[in-house]
Amino acid sequence: IKQSEKEIQLEQENQNQSQKQVEELKQKLSIIKQIEKKQLNIKAISPLPQKKINQSAPKSQPKSLSLSSKATSTSTSTTTTTATTTTTETNVNSFFESVCVTVPSARRFDSNGAVAPENYLRQLISGLSSGLSTEQKNKLSVVIMNVDRVPPAHTEPSKLSQEYSGIQLRDPPYSTNEVEKMVPPVFIDYDENVAISKDKQVWRAKEVLDAADLLQTCKDSGKKYTLFLEDDVRPTSNIWPKLEKFVNKVPNNYAFLALYNPSSWDGNNYKDGDEYPFHCCTQSLLFDNSRIAPVISLLKSGFSRKPVDHLLAEYAKTNLVDGHVYVSIPSLFQHVGAYSTLPERTLSPPEVAHDSRSWEALLHL
């Protein structure tokens with residue numbers, strides 16, 4: 001019996017001990033849960049570790065990204081890029097595609113008759129296409145007339161037409177020999193009433209007939225505007241948005257717009273968009289094709305009387321309704337040609353006969 005009582009007592013002690021251990025385990029488990037809860041709270045409150053991970057994460061997508069998500073992401077990115085590109089083209093093309101650019105071009109010569117070392121035409125086309133996408137460059141609508149006395153010797157127009165699908169080559173309406181037979185036998189400068197060389201008279205008359213043909217070609221193109229440029233000018237940066245802004249600024253009653261004006265009479269005398277008593281220089285002129293027909297008619301009828309710019313000045317003075325001329329200040333184009341297509345007109349040593357003081361203001365705009 002005593003033995004049995006001892007065993008019962010021992011069993012009770014063991015049960016108490018076990019109960020005590022159970023209680024201790026419960027307390028430890030409670031403490032662990034409290035600790036875990038505090039850690040979770042700390043993580044929820046402080047996002048810093050997550051930000052740190054985002055800042056240092058590589059640009060590539062995480063490996064857990066599903067294929068469908070990648071496709072969606074790529075598609076979205078492509079759509080955004082396409083939309084951006086389309087918007088840029090639309091901004092330029094809203095005016096850019098309404099303009100037919102026309103350029104008479106020939107080799108340039110030193111005063112001694114040697115071919116000039118500079119090639120201006122490529123610089124001009126490069127400037128007009130600067131900032132345009134490949135697609136836009138191919139839409140550049142330019143009519144180049146090779147007016148060289150020996151056309152095969154002037155190879156640049158042909159080369160450029162192979163590089164830009166929007167360039168159209170056009171032959172002159174008359175050869176130099178044909179024009180020589182069309183001018184009067186006595187070669188007089190009708191503005192100054194002084195004799196000039198036969199070579200200069202033929203050169204000048206052919207220049208007028210070439211210009212008339214080029215203006216007619218652009219009129220027939222269906223474009224709203226004709227931008228007449230000599231091949232030795234350079235456009236300022238972002239020429240198309242600036243040109244559109246200027247067109248929208250001036251009254252719509254002009255014979256043409258003067259986009260270049262020599263330093264001898266620009267600057268403080270005129271403000272941007274002012275009406276301008278045009279009397280010189282055809283480096284860069286913009287015509288509205290809805291009003292260009294009378295200008296072409298005058299050039300064709302007066303080709304042996306005066307040079308192109310003097311005939312244009314005559315038209316502006318006599319046409320009081322829509323013969324207004326407005327000037328861009330600063331100039332949107334600059335004359336850079338130190339060499340002429342006629343050797344006797346090239347200075348010795350060669351230098352640009354006139355340029356625009358306001359050109360420097362636009363170089364980096």
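The values are calculated or read from the model by the stated rules, or taken from the named source; none is laboratory data. In this text the structure is predicted, and so the values were computed from the model without any measurement. We place every Cβ from the backbone using ideal geometry, glycine too, and count neighbours over all the protein chains shown. When the accessible area is computed, the model is the full protein with side chains, heavy atoms only, and any ligands, DNA or RNA have been set aside. Shrake-Rupley method; radii C 1.70, N 1.55, O 1.52, S 1.80 Å.
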* To do: For S94 and N248, compute 0.36 nm times the residue count separating them, minus their Cα-Cα distance, and round to one decimal in nm.
  => 54.2 nm
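Hey, with R₀ at 25 Å, roughly what FRET efficiency would R122 and N177 work out to, going by the Cβ-Cβ distance, to 0.05? Show your work: numbers first, answer last.
Values: r = 29 Å, r/R0 = 1.16.
The formula returns an efficiency of 0.30 here.
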* Under Karplus coefficients 6.51, -1.76 and 1.60, residue-wise ³J(HN,Hα) of region 273-280 in Hz, glycine/proline x -> x, 5, 5, 10, x, 4, 8, 7
* Structure fact -> With every protein chain kept in place and a 1.4 Å probe, region 166-250 has an accessible area per residue in Å² of 49
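Classify region 200-249: rounded, prolate or oblate, from the alpha-carbon gyration tensor (a ≥ b ≥ c, eigenvalue square roots; a/c under 1.5 rounded; otherwise prolate if a/b is larger than b/c)? Don't skip to the answer; put the middle values down first.
Numbers: a/c = 3.28, a/b = 1.62, b/c = 2.02.
Oblate.
Would you work out if region 284-337 is rounded, prolate or oblate? Take a ≥ b ≥ c from the square roots of the eigenvalues of the alpha-carbon gyration tensor; rounded if a/c is under 1.5, else prolate when a/b is larger than b/c, oblate otherwise. Don't skip to the answer; put the middle values down first.
On the way: a/c = 1.96, a/b = 1.33, b/c = 1.47.
Judged from the Cα gyration tensor, region 284-337 comes out oblate (a/c at least 1.5, b/c at or above a/b).
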* Burial ranking of peptide ranges 327-335, 96-104 (average Cβ count within 10 Å, highest at the top) -> 327-335, 96-104
* Cα gyration tensor, region 124-280 - rounded (a/c under 1.5), prolate or oblate -> oblate
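Using the structure shown, list the pairs from K223/K300; K245/K271; K181/K317; K181/K219; K159/K181; K159/K224 with a Cα-Cα distance above 24 Å, or answer none. Numbers along the way, then the final one.
On the way: K223/K300 22 Å; K245/K271 15 Å; K181/K317 30 Å; K181/K219 28 Å; K159/K181 32 Å; K159/K224 28 Å.
From the list (K223/K300; K245/K271; K181/K317; K181/K219; K159/K181; K159/K224), the Cα-Cα distance tops 24 Å for K181/K317; K181/K219; K159/K181; K159/K224.
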* To do: Pull out the extension gain between C280 and V115, defined as 0.36 nm times the separation in residues minus the alpha carbon to alpha carbon distance; nm, one decimal.
  => 56.8 nm
* Q168 long-range amide H proximity, modeled H, under 5 Å -> V142, V143, I144
* To do: Compute the label zone of D272 within region 212-248: residues whose backbone N is under 15 Å from the point 7 Å along Cα-to-Cβ.
  => 236-248
* To do: Give me Rg over Rh for region 217-294, both radii from the alpha carbons and Rh done the Kirkwood way, two decimal places.
  => 0.94
* What's the FRET efficiency of L320 with S197 using the Cβ-Cβ distance as r and R₀ = 45 Å, to the nearest 0.05? -> 0.80
